[in-house]
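Visitor: Please see the structure below; I have some questions.
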Amino acid sequence: MAEAAAVVAESLAGYRARAARAVLEQVVLPGEELLLPGQEDGEGPGSAGERPLRLNAGARSGGRVVCGPGLRRCGDRLLVTKCGRLRHKEPGSGNGGGVYWVDSQQKRYVPVKGDHVIGIVTAKSGDIFKVDVGGSEPASLSYLSFEGATKRNRPNVQVGDLIYGQFVVANKDMEPEMVCIDSCGRANGMGVIGQDGLLFKVTLGLIRRLLAPDCEILQEVGKLYPLEIVFGMNGRIWVKAKTIQQTLILANILEACEHMTADQRKQIFSRLAES
């Protein structure tokens, strides 16, 4: 028993020592409290220079700390709720703070306000459409949430149609609500997606990777065939090319890119370009 207790104590000590260092771009575990250097006074990597990340520390340093996905606010601390890599984005002002989130390989989508998603209309209930977005419950979409829609001029939306829209209400206590217009009342690319094309699902991590400004995968895919493509933050991708064969090739490439290296992607793209 004493030996087992010593092993457990040693493992916990190692856990605290790992958490006491800078954990950016490192794997964090659920229940872990973030300990980042530079948040409190002190120098060096020791305990005097590393204290728990305080959310109200931004008020003193002139910056603001935003808690993103995978993190939960607990008083003035940040606790990890998902297993993944801790990411950080500096604010545009450069005054400290910024956004912290956990980048994890997750398939189940949790609606977030402002996210653009691809949904499937499953039912009509009066003036409300029920849309499946891959979450725990369907989202609601009013027929007035389309550009130019009025009581007389209703949008032509049928059960089974694909909808590209964004969330305006998304929290754990209320039903998610979608719209297909922006703040100016314009569609801006949102609405009913065409009947042709192919819809498939990938992980949420791959979606965030494809939507990155410097994504090389989309640049290489765009050189193969002319295509139309729509990305949803809920892990759904709609793609359409000139022929069914090209559409299937593009879908298979996007699904496989998550597990391929850069050299493997170049070999596949070069083979397709030659053929």
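Visitor: Cβ contacts < 6 Å: first residue touching a residue at least 12 places away in the same chain (Cβ under 8 Å), restricted to region 251-275; second residue surrounded by 12 or more Cβ atoms within 10 Å (Cβ to Cβ) and not hydrophobic (A, V, I, L, M, F, W, C), any location; separation 6+ or different chain. Result?
Guide: As it stands, the answer is PHE269/GLU220, since those pairs meet every condition given.
Visitor: On to the next question. Please specify each residue of region 141-178 satisfying the condition of being among the small types (Gly, Ala, Ser) and over 16 Å from TYR109 (Cα atoms).
Guide: SER142, SER145, GLY148, ALA149, GLY160
Visitor: Here's something else I'd like to know. Show me the strands (runs of 3 or more DSSP E) entirely contained within region 66-164 in which 2 or more residues are β-branched (Val, Ile, Thr).
Guide: Values: elements: 71-74, 77-80, 84-89, 97-103, 116-125, 128-132, 139-142.
Per the criteria, 97-103, 116-125, 128-132.
Visitor: Using beta carbons and a limit of 8 Å, which pairs, at least six apart or on different chains, have the first residue in region 106-117 and assigned by the TED database to the domain that holds PRO69 and at pLDDT 90 or above and the second one open to solvent by 70 Å² or more (accessible area, probe 1.4 Å) and not in a loop (DSSP other than H, G, I, E, B)?
Guide: Going by the 8 Å Cβ cut-off, there are no qualifying pairs.
Visitor: What about LYS124, is it surrounded by fewer than 16 Cβ atoms within 10 Å (Cβ to Cβ), in contact (Cβ under 8 Å) with a residue 60 or more places away in the chain and of a type outside the set (Ser, Thr, Tyr)? Give the steps one after another, and end with the answer.
Guide: Values: surrounded by fewer than 16 Cβ atoms within 10 Å (Cβ to Cβ): yes; in contact (Cβ under 8 Å) with a residue 60 or more places away in the chain: no; of a type outside the set (Ser, Thr, Tyr): yes.
Spelling it out, it is not the case that LYS124 is surrounded by fewer than 16 Cβ atoms within 10 Å (Cβ to Cβ), in contact (Cβ under 8 Å) with a residue 60 or more places away in the chain and of a type outside the set (Ser, Thr, Tyr).
The values are calculated or read from the model by the stated rules, or taken from the named source; none is laboratory data. The structure presented is a predicted model; accordingly, all values stated were derived computationally and were not measured. Quick reminder, even Gly has a Cβ in these numbers, built from the backbone with ideal geometry, and neighbours come from all protein chains shown. Side chains included, ligands, DNA and RNA excluded: accessible areas come from the protein's heavy atoms. Shrake-Rupley method; radii C 1.70, N 1.55, O 1.52, S 1.80 Å.
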